[in-house]
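Presented below is the structure to which this report refers.
Values quoted throughout were computed directly from the atomic coordinates according to the rules given, and no laboratory measurement underlies them. Since the model is a prediction, treat every value here as computed from it, not as a measurement. Here the Cβ positions follow ideal geometry from the backbone for every residue, glycine too, while neighbour counts run over all protein chains shown.
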């Protein structure tokens, strides 16, 4: 199979738990990843707005970082942060992720209006992708409907794990979100907890983690109009051979549709996804070896 399913899949979330690299180490690793140029990586560096000053202090004159800005402070200070990015030749604003929990609004639709106003006031260019993270999983369906009404400006962000057990959605919850987004033609990015390709239990915490290969296969199910039960079964699968057989059988059209639905996910490790993809036979070489 081609590497298209995994191309540009992984955002660099090295600043975030559990890896939580110090800024100098995160910057050094990103430089190394840029030099290696793996096809699996987006080569987009995720940085909270509250830490932009730290990032800029670590950059060398020759650095060129594509930035995924996490609006962790909401609209507070956003104008200054965006000005700091656009005024720095070493940075390119590639994406914004906005947690709607930081917005005081009665509904997801109203929250999007507030975010749109804040981004416009801060000088974020209209073409920059903005991923809105729901304040709770109970709001996903309503948020998807609101995004579908203005998909030119917004996309959906789904949190798949974290440092507490309750931050991990069940397979049914995640499946429901994928199916809802696929039916509404709303693009999704995922974050947190996707540390390995296949669903597993972390022996240190006891948390059950979703796998990124499960997520890709589930997204393929969703774009092929599978129901929530079937998509949840794919997310729950722990058999690597089953998942590999599923993705190996995807048509070019389904792969393209799958990646339109699931555009990327943030990983605190940029090495593990690439290593596992290669070990599983999903990626033989780096970008310059593709044909």
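Using 7 Å Cα-to-Cβ label points, what is the residue 72/residue 227 separation (nm, one decimal)?
Here the modelled spin labels are 4.2 nm apart.
Of the peptides 15-22, 269-276, how do they stack up when ordered by the mean number of other Cβ atoms within 10 Å, highest first? Before the final figure, lay out the partial values.
Values: 15-22: 16.2, 269-276: 19.5.
Result, highest mean first: 269-276, 15-22.
Using alpha-carbon pairs under 8 Å, 6+ residues apart, how would you state the relative contact order of the chain in percent? Before the final figure, lay out each step's value.
Working: 528 pairs, mean separation 57.5, N = 291.
Rounded, it is 20 percent for the chain.
Classify the chain: rounded, prolate or oblate, from the alpha-carbon gyration tensor (a ≥ b ≥ c, eigenvalue square roots; a/c under 1.5 rounded; otherwise prolate if a/b is larger than b/c)? Please list the in-between numbers first.
On the way: a/c = 1.61, a/b = 1.17, b/c = 1.38.
Oblate.
Only helical DSSP H runs with n ≥ 4 go in: add -39500 (n - 2.57) per run for the chain, normalise by residue count and round the 222 nm mean residue ellipticity to 500 deg cm²/dmol. Don't jump to the answer; show the numbers that get you there.
Values: 11 runs with 116 residues, N = 291.
My calculation for the chain gives -12000 deg cm²/dmol from helical runs alone.
By per-residue mean of other Cβ atoms within 10 Å, what is the highest-first order of 26-32, 106-112?
Working: 26-32: 18.9, 106-112: 16.7.
Highest mean packing first, the order is 26-32, 106-112.
Going by how many other Cβ atoms sit within 10 Å of their own, how do 37, 233, 152, 12 line up, fewest first?
Numbers: 37 11, 233 16, 152 7, 12 27.
So the residues, fewest neighbours to most, are 152, 37, 233, 12.
When the label point is put 7 Å from the Cα of residue 164 along its Cα-to-beta-carbon vector, which residues of the stretch 130-151 have a backbone N closer than 12 Å?
Inside the label zone: nothing.
Obtain the nm distance between the two label points defined at residue 145 and residue 19 by a simple spin-label model: each point lies 7 Å from its Cα along the Cα-to-C-beta direction.
Inter-label distance under the simple model: 3.9 nm.
Can you tell me which of 226, 132, 181 moves the most in a GNM of the chain? Springs connect C-alpha atoms under 10 Å apart.
The residue that fluctuates most here is 226.
Just to be sure I understand: with springs between alpha-carbon atoms less than 10 Å apart, which residue in 174, 46, 93 has the highest mean-square fluctuation in the Gaussian network model of the chain?
Answer for the Gaussian network model of the chain: 93.
What percent antiparallel are the DSSP beta bridges of the chain, to the nearest 5? Intermediate results must be reported in sequence, preceding the final value.
Details: 2 of 33 bridges.
Once the DSSP bridges in the chain are tallied, antiparallel ones form about 5 percent.
Using the basic label-point model (7 angstrom from Cα toward the beta carbon), what is the residue 4 to residue 121 distance in nanometres?
It is 4.4 nm.
Only counting other Cβ atoms within 10 Å, I'd like 98, 207, 65 sorted with the fewest neighbours first. Don't jump to the answer; show the numbers that get you there.
Values: 98 28, 207 17, 65 23.
Final ranking by Cβ density, sparse to dense: 207, 65, 98.
In a GNM of the chain with a 10 Å cut-off on Cα contacts, which of 241, 187, 101 has the highest mean-square fluctuation?
Sorting by GNM fluctuation, first place goes to 241.
Arranged by the count of other C-beta atoms within 10 angstrom, fewest first, what order do 201, 85, 128 take?
Working: 201 11, 85 23, 128 14.
Fewest-to-most Cβ neighbours within 10 Å comes out as 201, 128, 85.
Quote the relative contact order of the stretch 165-291 in percent (integer), defining contacts as alpha-carbon pairs under 8 Å separated by 6+ residues.
Details: 165 pairs, mean separation 39.4, N = 127.
Over the stretch 165-291, the number comes to 31 percent.
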